Amino acid sequence: MRRYAFLLLMLFALSASITGQKPGINKETQAANLPAVIWRDPGDIGLLNLIYGAGGKEDAPNPNGPFTFVKEDLEATSPKFDVKDDHGVEWRVKLGEEPQTETAATRFVWAAGYFVDEDYYLPELKVTALPKLQRGENFVSKDGVVHRARLERRLKDVKKLGPWDWFDNPFLDTREFNGLRVMMALLNNWDLSTANNSIDAIGAERRYVVGDLGATFGNTGNNFTRSKSVPRDYAAAEFIEKAAPDFVDFVLHSRPFFLSVINVPNYRARTQMERVTKHIPHADAAWLGHRLAMLSDEQIRDGFRAAGYAPEQIEMYTQTMRRRIADLDAL
C-alpha cells in the first residue's frame with residue numbers, strides 16, 4: 001500500500017513538473033506559428049500623418065522629457081543607449097549618421113503599408129544620470145544635452161522571434177513583398193543585411209519588419225562611394241536601371257571595393273544584396289507606384305520635417321522622391 005501511494009505521489013510530481021513547463025513551451029510554439037504578415041492596407045494614404053508616423057501623436061515622446069538613463073548598447077553599429085521617460089516607457093536612443101534618415105524612411109515605408117518601428121527624431125533631449133558614453137559622447141554637450149537623436153519606442157507586447165531573409169521567407173513572389181523590394185530602391189537603402197530585418201510577434205500575428213532603415217537617402221555603392229543622409233547624392237542617383245515589358249531592375253550598388261574580397265563572407269553577402277531590387281515584376285512595381293502617387297507633396301515634406309531636416313534639404317528630398325514616385329506610377 002505504501003509502495004502504491006509512493007508511486008502515485010511520484011506520478012503526481014512528474015505530472016506537475018511537465019505541466020509547469022508546458023506554458024513556456026507552448027508560448028514559444030504559438031508565437032512561431034502565428035499567421036505571418038508583411039503588409040496591411042493603410043487605407044486612404046492621402047490622409048496619413050507623416051509627421052508622427054506609425055506611432056501617431058499619442059505615442060510620441062515628450063521633447064521636454066524627463067528621460068532617465070538605463071543602459072548603453074555596445075553591440076550595435078551606431079551609438080545607442082536606452083532611456084525611460086516619466087511614464088515608464090522605454091526608448092532606444094540612436095546617435096550618429098542615421099537618426100534623421102531612419103526617422104524619415106519609416107514614415108514612407110509605413111505609408112506604403114509595411115510594418116516599421118515607432119521612431120521619432122529629437123534635435124536634443126536632456127537625460128538624467130547620463131554617464132560618459134563609451135560611444136557617441138561627441139553628440140553630448142557639456143551641459144548634458146544629447147543632440148540629434150532618434151528615439152525608438154520599446155513596445156512591451158512585442159516578442160522578437162529573430163531575423164528574416166530577403167531570399168527565404170513566406171512572401172516570395174507576392175505583390176506585397178515585391179513592393180517592399182521596390183521601397184528599398186526608392187529609399188536608396190544600401191544595407192539590406194538580414195540582421196536589419198526582424199520577425200515581431202504581436203497580438204495574433206507575426207510581422208515581418210525591416211527594422212533598420214538608416215542607410216538611406218544618399219548614394220548606394222561600395223565603401224568609398226556610398227552615402228546616407230546626403231540630399232544631393234540622393235537627387236543625383238539613378239533609380240530605374242532597366243524597364244522590360246515584364247520585369248523592372250532598380251539600381252542598388254552594395255558590392256564592396258574589389259580589394260575587400262579578402263573578406264569573402266562580407267563580399268558575398270554585399271554582392272547578393274544587389275539582387276533584392278532586380279527582376280521585379282512590372283505590375284508589382286507599378287502597383288506600389290500607384291499607391292505612393294496618392295501622397296501629396298506636403299505629406300512628403302512632412303516625412304522629412306519629422307526627421308529635422310532643414311527647409312532646403314526638405315525641398316530637394318521632396319522633389320527627388322516625387323520624381324521617383326512618378327517614374328513608378330508611369331510603369
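The values are calculated or read from the model by the stated rules, or taken from the named source; none is laboratory data. Keep in mind that this is a model prediction, so the values were computed, not measured. Every residue, glycine among them, receives a Cβ derived from its backbone with ideal geometry; neighbour counts consider all protein chains shown. In case anyone asks, the SASA skips ligands and DNA or RNA and just uses the protein heavy atoms, side chains included. Shrake-Rupley method; radii C 1.70, N 1.55, O 1.52, S 1.80 Å.
Each row is one residue, and each column tells you yes or no for (1) over 19 Å from Lys242 (Cα atoms); (2) open to solvent by 30 Å² or more (accessible area, probe 1.4 Å); (3) under 12 Å from the mean Cα position of the chain (by Cα).
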| residue | (1), (2), (3) |
| --- | --- |
| Lys159 | yes, yes, no |
| Gly162 | yes, no, no |
| Asp165 | yes, yes, no |
| Asp173 | yes, yes, no |
| Phe177 | yes, no, no |
| Leu186 | no, no, no |
| Trp190 | no, no, no |
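Ala236 meets all of the listed conditions (1) under 30 Å from Ala31 (Cα atoms); (2) open to solvent by 60 Å² or more (accessible area, probe 1.4 Å) but one, namely (1). Selection over the range 39-63 of residues that are of a type in the set (Asp, Glu), touching a Lys or Arg at 6+ places or on another chain (Cβ under 7 Å) and more than 16 Å from Trp91 (Cα to Cα) gives a count of 0. Evaluate the following for Asp82: is it of a type outside the set (A, V, I, L, M, F, W, C), part of a loop (DSSP other than H, G, I, E, B) and either at pLDDT 95 or above or surrounded by 21 or more Cβ atoms within 10 Å (Cβ to Cβ) (or both)? Spelling it out, it is not the case that Asp82 is of a type outside the set (A, V, I, L, M, F, W, C), part of a loop (DSSP other than H, G, I, E, B) and either at pLDDT 95 or above or surrounded by 21 or more Cβ atoms within 10 Å (Cβ to Cβ) (or both). Filtering the range 197-229 to residues that are on the phi < 0 side of the Ramachandran plot and surrounded by fewer than 18 Cβ atoms within 10 Å (Cβ to Cβ) leaves Ile202, Ala204, Glu205, Asn222, Asn223, Phe224, Thr225. For the range 127-134, the condition holds for no residue, the condition being that it is at pLDDT below 95, in contact with a helix residue (DSSP H, G or I) (Cβ under 9 Å, 6 or more places away or on another chain), open to solvent by 50 Å² or more (accessible area, probe 1.4 Å) and outside any loop (DSSP other than H, G, I, E, B).
Looking for whichever is modelled with pLDDT under 95, under 23 Å from Pro281 (Cβ atoms) and out of contact with any helix residue (DSSP H, G or I) (no Cβ under 8 Å at 6 or more places or on another chain) here; the options are Thr220, Thr174, Thr225. Which one fits? First the steps, then the outcome.
Values: Thr174 fails: modelled with pLDDT under 95; Thr225 fails: under 23 Å from Pro281 (Cβ atoms).
Thr220 is the lone residue from the list that is modelled with pLDDT under 95, under 23 Å from Pro281 (Cβ atoms) and out of contact with any helix residue (DSSP H, G or I) (no Cβ under 8 Å at 6 or more places or on another chain).
Given the structure, is Ser260 modelled with pLDDT under 95 and either polar (S, T, N, Q) or farther than 20 Å from Leu213 by Cα (or both)? For Ser260, the condition - modelled with pLDDT under 95 and either polar (S, T, N, Q) or farther than 20 Å from Leu213 by Cα (or both) - is met. With respect to the conditions (1) within 29 Å of Thr277 (Cβ to Cβ); (2) in a loop (DSSP other than H, G, I, E, B); (3) open to solvent by 30 Å² or more (accessible area, probe 1.4 Å), Trp110 lacks only one, and its number is (2).
Look through Glu90, Glu98, Glu75, Glu102 and report the one residue that is modelled with pLDDT of 95 or more and either out of contact with any Ser or Thr (no Cβ under 8 Å at 6 or more places or on another chain) or surrounded by fewer than 17 Cβ atoms within 10 Å (Cβ to Cβ) (or both).
Numbers: Glu98 fails: either out of contact with any Ser or Thr (no Cβ under 8 Å at 6 or more places or on another chain) or surrounded by fewer than 17 Cβ atoms within 10 Å (Cβ to Cβ) (or both); Glu75 fails: modelled with pLDDT of 95 or more; Glu102 fails: either out of contact with any Ser or Thr (no Cβ under 8 Å at 6 or more places or on another chain) or surrounded by fewer than 17 Cβ atoms within 10 Å (Cβ to Cβ) (or both).
After ruling out the rest, the residue left standing is Glu90.
Screening Arg148 on (1) assigned to a strand (DSSP E or B); (2) open to solvent by 40 Å² or more (accessible area, probe 1.4 Å); (3) free of Cβ contacts under 8 Å to residues at least 60 places away in the same chain shows it passes everything except condition (3). Residues of the range 45-57 include at least one that is of a type outside the set (Phe, Trp, Tyr), more than 20 Å from Arg291 (Cβ to Cβ), open to solvent by less than 30 Å² (accessible area, probe 1.4 Å) and without any contact (Cβ under 8 Å) to a residue 60 or more places away in the chain. On inspection, Val70 qualifies as surrounded by fewer than 18 Cβ atoms within 10 Å (Cβ to Cβ) and among the aliphatic types (A, V, I, L, M).
Can you tell me how many residues within the range 286-325 are closer than 22 Å to Asp44 by Cβ and not acidic (Asp, Glu)?
Filtering the range 286-325 down to residues closer than 22 Å to Asp44 by Cβ leaves 286-306, 318, 321-322, 324-325.
Among the residues that remain, those that are also not acidic (Asp, Glu) are: 286-296, 299-301, 303-306, 318, 321-322, 324-325.
Residues in the range 286-325 being closer than 22 Å to Asp44 by Cβ and not acidic (Asp, Glu): 23 in total.
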